[in-house]
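Below: the structure, in structure tokens.
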Amino acid sequence: MAAAGSAVGLGNIWKFPYIAGENGGGAFLVVYLLCVALFGLPLVMTEFLIGKRSGKSAYGAFRALNGNNRWQWLSWMCMVTAMLIMGFYFVVTGWCFNYLAEALTSAFSGLNADALTEHFATVTGNTPRMILFALLPVLLTAMVLWFDVNKGIERLSKILMPLLLLMMLLMAGRVLMLDGSNIGMRFFFQFDFSKITPKVIMEAMGQCFFSLSIGMGALITYGSYMPKGQNVPRASIQVIILDTLVALMAGVIIFPAVFAFGFDPQEGPQLVFVVLPAIFEQMSFSWLSGVLFFGLLCIAALTSTISLMEVAVAFVCEASAQTRHPLSRRQSVAIVSAGAVVMIILCVMIPAVFDYSDWLTACILMPVAALGMAVFVGWNLPKNGEKGVLEADKGIKRWARKIYIFVLRWIVPVAIILIFLNSLGVL
Ligand code: TRP
């Protein structure tokens, strides 16, 4: 449940529609689904197994498994990635809280497409307000980790996540009844081979890593908390299916609405924030719909920020234990929160930092770290005589082990390298 909470978040509902919209809709969708099929299962399983086998978070896992420091750079990459993601992720979570507050006060009701676009620009142009709204989720996330109430959050999201799905189903139903919604459906589902460019492939791969939370050690950390009897492949498949379902549903809600209301699918990061209020306007119980949806979205975002911050906190905690100044968990929470605040201020003040940290983490850092993990588990561990991370789940059948190792050794690294070369124009 925690891993599903980490996976399902703004990546599905905010980023997926806007990246798909910028990259040709249907063409992007097909490449994205191929990436999920290719990278999803092997890499989610790998992170879980590394964590479960070592019992350590992203900081100590690699060293614990192969007994030396040679792979420590991977841990540091995870930490850097976590801090970079936190900056823009908290900012966008702040947008969600802002829209929740505005839904409560009906601040955007009755606005048309142009006015909604302008409204977004006005709201996000208010720097102090945006910083304040981004600090709110930092505080909430830090409180969850400080008081160690992760379990409670998990139980809560067990109820709220199905509610979010139900809400999205209702919204999809409403949107599909709008005039012109079929144009959006065609945009999202019609595959046009000519629209597949190296950029589309690269962004689809990045979105796959970002949405599934792979390549940052989050699932290593969660794997280390797994009970012994946990079935890793089954848990992995559940996370992947749920995550993909939510992304698809977000597309089915956003694109028909984009075309029905006369928005532009290439709006960029503001896409869902200008389209969603227009959808609520069309729904019966529009005030309640808006409040409920933005409320659930804030909670979905928080279960993701918890995983982001947890990686960094566990890292600081374990890393400092090696020094003369070991830090407690709570001290680590304070330090990481302070770091997150710095990142937020940079993201709000300098737009390039916002854009760049998103792209850099999803398209470069996470794929490179995942490549490293695949090589580590596929090639390095067996060479060192370690029986391998598969010992963490004795339930996996022999044939499945063979396929898993083969995919990890050859398919995953070769695919990632080919996509990199392709986008550099080498292929
Ligand atoms: N997967 C989350 C989303 O789709 C974002 C996220 C949370 C994440 N934790 C992560 C991404 C760790 C990469 C690594 O919104």
Please find, within the range 160-210, the residue that is modelled with the lowest pLDDT out of those that are open to solvent by 30 Å² or more (accessible area, probe 1.4 Å) and not in a helix (DSSP H, G or I). Asp192
Please verify whether the range 246-265 includes one or more residues that are on the phi > 0 side of the Ramachandran plot, away from the ligand (no atom under 15 Å from the Cβ) and of a type outside the set (S, T, N, Q). yes
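Any chance the range 15-34 includes a residue that's among the basic types (Lys, Arg), within 15 Å of the ligand (Cβ to nearest atom) and in a helix (DSSP H, G or I)?
So far as the range 15-34 goes, yes, one or more of its residues are among the basic types (Lys, Arg), within 15 Å of the ligand (Cβ to nearest atom) and in a helix (DSSP H, G or I).
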In the set Leu288, Leu308, Leu302, which member is in contact with a Leu (Cβ under 8 Å, 6 or more places away or on another chain), in a helix (DSSP H, G or I) and not β-branched (Val, Ile, Thr)? Leu302
Out of the residues in the range 321-355 that are modelled with pLDDT under 95 and of a type in the set (S, T, N, Q), which is most open to solvent (accessible area, probe 1.4 Å)? Gln322
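Does Asp148 fit the bill of being under 26 Å from Ile299 (Cα atoms), open to solvent by 40 Å² or more (accessible area, probe 1.4 Å) and of a type in the set (Asp, Glu)?
Taking the combined requirement at face value, the residue satisfies it.
Select from the range 270-292 the residues that are aliphatic (A, V, I, L, M) and closer than 30 Å to Cys78 by Cβ and write down the one among them that is nearest to the ligand (Cβ to nearest atom).
Val272
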Criterion violated by Gln270 - all others in (1) buried (at least 20 other Cβ atoms within 10 Å of the Cβ); (2) at pLDDT 95 or above satisfied: (1)
Within the range 54-125, which helices (runs of 4 or more DSSP H) (wholly inside it) include 3 or more residues that are open to solvent by less than 10 Å² (accessible area, probe 1.4 Å), closer than 30 Å to Ile214 by Cα and modelled with pLDDT of 95 or more? 72-104
Which residue is surrounded by the most Cβ atoms within 10 Å (Cβ to Cβ), if the candidates are limited to the range 293-318 and must be within 12 Å of the ligand (Cβ to nearest atom) and among the β-branched types (Val, Ile, Thr)? Val311
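The values are calculated or read from the model by the stated rules, or taken from the named source; none is laboratory data. Since the model is a prediction, treat every value here as computed from it, not as a measurement. Note that each Cβ is placed from the backbone with ideal geometry, even for glycine, and that neighbours are counted across all protein chains shown. Heads up: the accessible areas ignore ligands, DNA and RNA and are worked out on the full protein's heavy atoms, side chains in. Shrake-Rupley method; radii C 1.70, N 1.55, O 1.52, S 1.80 Å.
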